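Structure first, commentary second.
The values are calculated or read from the model by the stated rules, or taken from the named source; none is laboratory data. None of these values were measured; they are calculated from a predicted model. We place every Cβ from the backbone using ideal geometry, glycine too, and count neighbours over all the protein chains shown. Calculation scope for accessible area: heavy atoms of the full protein, side chains included, ligands and nucleic acids excluded. Shrake-Rupley method; radii C 1.70, N 1.55, O 1.52, S 1.80 Å.
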Amino acid sequence: MNDHAHGTTPTGRSTGAVLKRRAGDLAAGALGAAIVSVLMVGSMWAAEIADYVLPAEFDVYGIWAWDPDALGGIFLAPFLHAGFGHLMANSLPLLVLGFFAALRGIGRFLAASLIIVLVSGLGVWFTSPPQSLTVGASGLVFGYFGFVVARGLFDRRALDIMVGVGVAIAYYSIIWGVLPSQPGISWQGHLFGLLGGVLAAWVVRRRRRALSTAH
């Protein structure tokens, strides 16, 4: 007597389980990305509100070019802004680009953010006029743009490629911000932020395992 399989085959069950697990991972990643991007922008709003309410001038803790005593400002400057208008201009792109940057994991996102902050901040510190002060999260905006677009090229995963293409189409116009065009705008932060994002995508890319053939 022959045995006939009825219903879903083991292969079908395993494929369905894999797809279900991937969908669950993506949903969890999206939730984590949304939370971390909101917390990041929220902390910037908290800092700006405190700067407005308190008598202290927080902006002085930004990046003072060529001042070795103010190198710590590299890590503080992204959370400081020259007024609520400046912060509002950065908030929406930070929420969108930060979300997509964090979509593949909070750990990779934090590592990428650190690289972007360092590259952007040091670039501003070295190339801005001596003793000029720079604050704002524009370096992160450009960095996340570069990171998301370059990640699709380096990781070569379908979702990352689609997200990278979508971000490139939606935000391609910000590329002009890397050129010195408007007084008072740190094109240095934009340029080195973008470069930092591409570097971060390369550093935290997923290494592909070598395939071995059994004989």
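How many of the residues making up segment 21-39 are modelled with pLDDT of 95 or more and open to solvent by 70 Å² or more (accessible area, probe 1.4 Å)? Residues flagged as modelled with pLDDT of 95 or more and open to solvent by 70 Å² or more (accessible area, probe 1.4 Å) within segment 21-39 amount to 3.
Filtering G42, G16 for residues that are modelled with pLDDT under 95 and either in a helix (DSSP H, G or I) or under 28 Å from G136 (Cβ atoms) (or both) leaves a single hit, G16. For the structure I just gave you, tell me whether I115 is out of contact with any His (no Cβ under 7 Å at 6 or more places or on another chain), surrounded by fewer than 16 Cβ atoms within 10 Å (Cβ to Cβ), of a type in the set (V, I, T) and touching a residue at least 24 places away in the same chain (Cβ under 8 Å). Judged against the criteria, I115 is not a match. Note on segment 47-73: residues that are outside any loop (DSSP other than H, G, I, E, B) and exposed (fewer than 12 other Cβ atoms within 10 Å of the Cβ) amount to 5. Taking helices (runs of 4 or more DSSP H) as the structural unit, those lying wholly within segment 118-215 and holding at least 2 residues that are open to solvent by 70 Å² or more (accessible area, probe 1.4 Å) and of a type in the set (A, V, I, L, M) correspond to 158-171, 187-203.
Of all residues in segment 74-90, which are assigned to a helix (DSSP H, G or I) and either out of contact with any helix residue (DSSP H, G or I) (no Cβ under 7 Å at 6 or more places or on another chain) or aromatic (F, W, Y) (or both)? Result: F75, F79, F84, G85, H86, M88, A89.
Pick from segment 157-170 the residues that are among the β-branched types (V, I, T) and touching a helix residue (DSSP H, G or I) at 6+ places or on another chain (Cβ under 8 Å): which of them is nearest to L133 (Cα to Cα)?
Initial filter on segment 157-170 (among the β-branched types (V, I, T)): 161, 163, 165, 167, 169.
Narrowing the set further to residues that are touching a helix residue (DSSP H, G or I) at 6+ places or on another chain (Cβ under 8 Å) leaves 161, 163, 165, 167.
Details: I161: 37, V163: 35, V165: 35, V167: 30 Å.
The extreme case among them is V167.
Residues that are touching a residue at least 60 places away in the same chain (Cβ under 8 Å) and over 17 Å from P130 (Cα atoms) within segment 171-195 comprise Y171, I174, L191, F192, G193, L195, listed in sequence order. Residues of segment 147-165 that are within 14 Å of V96 (Cα to Cα) and at pLDDT 95 or above: F147, V148, V149.
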